[in-house]
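A.B. asks: Would you mind keeping the following structure in view while I ask a few things?
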Amino acid sequence: MKNEVKTLTDAIRYFADEQVCIDTVAQMRWPNGPQCPKCNSGEIRQHWLATQKRWQCRDCGKQYSVKVNTIFEDSALKLDKWLTAMWMLANCKNGVSSYEIQRAVGVTQKSAWFMLHRIREAMKNKSIRKLGSTGGPVEVDETFVGGNPKKMHRTRRAKLQLAYGREHKAVLMGMLDRDAREIRTKVIPNAKRETLQSEILRQIQGTGTVYTDGWQGYDNLEAQQFVHETVTHLDEYVRGNVHTQGIENFWSLLKRTLTGTYVAVEPFHLDAYADEQAFRFNNRATKDNRKRPVFPRAEMAVTMPGEYLAG
Ligand SMILES: [Zn+2]
């Protein structure tokens, strides 16, 4: 049956069944069966409420849908549209435009663009899950990466100036989910509050715990329903468990590998280098993740819904 999904028409037909969509997403995010988003109880304690298409946790009573703590959570778009768009991205060899998604999936141009953006991000992260979804804290920090402009060729300097303004530096944002031992990085246009906080909203589950330094760009995260703890760095770097040293160590590692490579200043390359470093971090052979291999992940299915379907 699954092998018959070969064309876009097949995919649309296949995902028209709501239960197929729910099963597909559940499989991507919970390869070992559903897990309670509140108390983390495993599959055996989770009860499927067929009429409501939700699970209920027998331990804490929490009811939740398959979309909880995923990139789909705060979207009104139905899963059939999301999955069809994902299928397109994974299977159309020449790439997919928002216009094509708009036509195939039947959404507005604006929605299509939004979906495309989010799916690309999930592909980059190799996960549809938000960080912090196992209840642990997420360290968030931003750093500036850039070369000495005096040593650069003039045209390069002009180009960088265009891209980053006068600073000649790229801003890299990073998040470390301590429980999941997962780092995500992204080159962002600036370190302003709006930019930082919209990334946090996209990547970290609401009600999650966020640790940052005292930079004002992180002020008022509580208003977005996060639990927010800061260390000021003026008088303290660590307060008990509250610190951002995990992500800061990651920055020093990254910068060490970048030393002398001015190429890395360009956003495309910097993103790629940071991704590569994050990949190594996320796949370190520690005692823990030997038990729970991080790669290849079950969520890789997101990257390749087509492969998932073909398997
Ligand atoms: Zn529970």
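All of the numbers you see were taken from the coordinates with simple rules; none came from a lab. Nothing here was measured: the structure is a model prediction, and the numbers come from that model. Positions of Cβ are backbone-derived with ideal geometry, glycine not excepted, and every protein chain shown enters the neighbour counts.
A.B. asks: Rounded, prolate or oblate for the stretch 24-94? Axes are the square roots of the Cα gyration tensor eigenvalues, ordered a ≥ b ≥ c, and the cut-off for rounded is a/c under 1.5.
C.D. replies: It comes out prolate by the Cα gyration axes.
A.B. asks: Further, regarding this structure: Among LYS124/LYS169; LYS53/LYS186; LYS126/LYS192; LYS6/LYS53, which pairs are too far apart, with a Cα-Cα distance over 32 Å?
C.D. replies: In this structure, LYS53/LYS186 lie more than 32 Å apart at Cα.
A.B. asks: Related question: Under 1.5 on a/c is rounded, so check that first for the stretch 1-154, then, if it is not, pick prolate when a/b is larger than b/c and oblate when it is not; a ≥ b ≥ c are the square roots of the alpha carbon gyration tensor eigenvalues. Could the numbers behind the result be given before it?
C.D. replies: Details: a/c = 2.49, a/b = 1.23, b/c = 2.03.
Taking the square roots of the gyration eigenvalues as a ≥ b ≥ c, the stretch 1-154 is oblate.
A.B. asks: Each label point is 7 Å from the Cα along the Cα-to-Cβ direction; what then is the distance between the points at LEU49 and ARG120, in nm?
C.D. replies: If labels sit at LEU49 and ARG120, their model points lie 3.8 nm apart.
A.B. asks: Give the cross-link partners of LYS130 among the aspartates and glutamates, using a straight C-alpha distance below 14 Å as the criterion and excluding same-chain residues fewer than 8 apart.
C.D. replies: Those aspartates and glutamates meeting the cut-off are GLU73, ASP74, GLU121, GLU139, ASP177, ASP179, GLU182, GLU199, GLU299.
A.B. asks: Assign unit charges at the C-beta atoms only (+1 for Lys and Arg, -1 for Asp and Glu), then state the dipole size of the stretch 20-92 relative to its Cα centre in Debye, rounded to the nearest 20.
C.D. replies: Once rounded to the nearest 20, the dipole reads 180 debye.
A.B. asks: Give me a comma-separated list of calculated 3J(HN,Hα) values for the stretch 134-139, in order, Karplus coefficients 6.51, -1.76, 1.60 applied at θ = phi - 60°, integers in Hz, x for any Gly or Pro.
C.D. replies: Karplus-based 3J(HN,Hα) across the stretch 134-139 equals 9, x, x, x, 10, 7 Hz.
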